[in-house]
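Have a look at the structure below, then the notes.
The values are calculated or read from the model by the stated rules, or taken from the named source; none is laboratory data. Just so it is clear, the structure is predicted and the values come from calculations on it, not from any experiment. As a convention, Cβ positions derive from the backbone with ideal geometry for all residues, glycine included, and neighbour counts pool all protein chains shown. The area values use the complete protein model at the heavy-atom level, side chains included, leaving out ligands, DNA and RNA. Shrake-Rupley method; radii C 1.70, N 1.55, O 1.52, S 1.80 Å.
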Amino acid sequence: MALLDRAIVKLLPAVPKPVVQRISSRYIAGATLDDAVRVVRALNADGKLATVDVLGEEIHDAAETASFVRAYEEVLEAIERERLDSSISIKLTALGLKVDHDLCRRNLVEVVGHAAARGNFVRIDMEDSSTTTDTLQLYRELREVGHDNVGVVLQAYMRRTVADIRDLADLKPNVRLCKGIYVEPPELAFRDFDAVRANFVQALDELLAADAYVGVATHDEWLIGQALERVAGMAAKDYEFQMLLGVREGRADELVAAGHRLRIYTPFGREWYGYSLRRLQENPKVAGYIAGDTLGRLIGR
């Protein structure tokens with residue numbers, strides 16, 4: 001299956017753009033904020049929470065960051081206006097992390113403050129390993145000055161993750177724990193499937209021991225089972241599961257029916273094509289999920 005997933009990824013650049021759009025349409029809310037509002041409203045109607053992400057990252061010009069700040073503020077205003085149950089997810093490179101640390105911090109503080117004024121929450125996404133230390137440092141800086149409506153993401157395939165959890169433990173952090181999607185060298189990241197799973201479970205145990213709020217972000221059934229064992233007896237408000245829009249929807253429905261909080265990562269924006277190719281190329285497993293799901297639907301028809 002891994003070989004098939006990688007073969008699918010290699011073919012992606014040759015696939016006509018309209019076909020990629022058709023395939024990815026279930027996994028991206030659309031090009032506009034109105035599209036995201038429509039999708040989140042439907043998710044909420046099904047008992048699911050959401051986190052909205054404006055597509056776009058790797059900004060290298062200070063002036064460009066202002067447009068992303070405003071875009072996220074507009075998302076927060078729409079969530080409040082439409083009374084949606086959704087937070088936002090934000091990439092620090094879109095706020096200028098690779099341009100200037102202080103610029104990024106100012107932008108982040110502005111967005112987090114805009115969210116706090118509306119009783120909302122900001123998730124700082126984790127990107128590739130070149131951003132990890134700065135991302136965690138900014139998260140700590142904001143928490144230490146009283147911004148409690150902000151969380152971060154940790155990636156289980158990174159060798160440093162358990163140590164990072166121990167470093168953050170004094171904050172009782174709010175963490176989305178996922179496997180990780182970026183291609184990293186073996187000295188930084190586990191590549192063995194079972195090793196990533198084992199580190200995920202260890203990271204989850206460390207977070208729960210630190211009294212952290214954990215968003216268990218996985219489509220891996222074995223990991224879902226491990227998480228269910230560990231949260232048994234916990235109040236539903238003290239943890240959540242997270243999945244990508246359009247992936248394993250049946251399993252998501254089962255988790256909600258069983259009384260678990262479930263949040264769906266809901267990206268939107270005009271940068272959908274680049275996002276689709278990057279995410280599928282960086283994570284052949286997701287490419288396999290999507291290809292299998294799409295083929296299943298075609299056969300079903």
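Show me, bin by bin at 5 Å from 0, the whole-percent P(r) of segment 78-127 based on Cα pairs.
Here the calculated profile for segment 78-127 is 5, 21, 27, 22, 14, 8, 3.
Using a 7 Å offset from Cα along Cα-Cβ at Ala195, what residues in segment 209-229 end up with backbone N under 20 Å from the label point?
223
What FRET efficiency comes out for the pair Ser25/Arg251, r = Cβ-Cβ distance, R0 = 25 Å, nearest 0.05? Write out the running numbers ahead of the final one.
Numbers: r = 21 Å, r/R0 = 0.82.
Efficiency for this residue pair is about 0.75.
Going highest first, how would you order 220-229, 262-271 by mean Cβ packing within 10 Å? Can you show the working numbers first?
Details: 220-229: 15.1, 262-271: 22.0.
Highest mean packing first, the order is 262-271, 220-229.
Could you give the C-alpha radius of gyration of segment 181-282 expressed as a fraction of 2.2 N^0.38 Å, taking N as the number of residues it contains? Mind dumping the intermediate values first?
Details: Rg = 15.2 Å, N = 102, 2.2 N^0.38 = 12.8 Å.
Ratio of Cα Rg to 2.2 N^0.38 Å: 1.19.
Provide the per-residue ³J(HN,Hα) series for segment 63-71, in order, calculated from phi with Karplus coefficients 6.51, -1.76, 1.60 and θ = phi - 60°, each as a whole number of Hz, with x at glycine and proline positions.
Along segment 63-71, the couplings run 5, 5, 5, 4, 5, 6, 4, 5, 4 Hz.
So for segment 145-265: antiparallel DSSP bridges make up what percent, rounded to the nearest 5? Walk me through the numbers before you get to the answer.
Details: 1 of 17 bridges.
Percentage antiparallel, nearest 5: 5.
I want to check the label-to-label distance for Ser130 and Glu187. Put each point 7 Å from Cα in the C-beta direction and report it in nm to one decimal.
My value for the distance between the label points is 1.7 nm.
With a/c under 1.5 counting as rounded, go ahead and sort segment 51-190 into rounded, prolate or oblate using the C-alpha gyration tensor (a ≥ b ≥ c being the square roots of the eigenvalues; past the cut-off, prolate if a/b is larger than b/c, else oblate). Don't jump to the answer; show the numbers that get you there.
On the way: a/c = 1.69, a/b = 1.39, b/c = 1.22.
Here segment 51-190 falls in the prolate category.
Extension gain Trp222-Arg70, at 0.36 nm per residue separation less the Cα-Cα distance, in nm? Don't skip to the answer; put the middle values down first.
Values: separation 152, 0.36 × 152 = 54.72 nm, distance 3.98 nm.
This chain segment gains 50.7 nm when fully extended.
From the residues Thr218, Leu188, Val201, which one has its Cα farthest along the dipole of segment 95-220 in the positive direction, the dipole being from +1 and -1 charges on Cβ of Lys/Arg and Asp/Glu about the Cα centre?
Of Thr218, Leu188, Val201, it is Thr218.
Can you pull the percent of segment 165-266's accessible area that's carbon plus sulfur, 1.4 Å probe, other chains left in place?
Details: 2390 of 4460 Å².
Looking at segment 165-266 in its full context, I get 53 percent from C and S.
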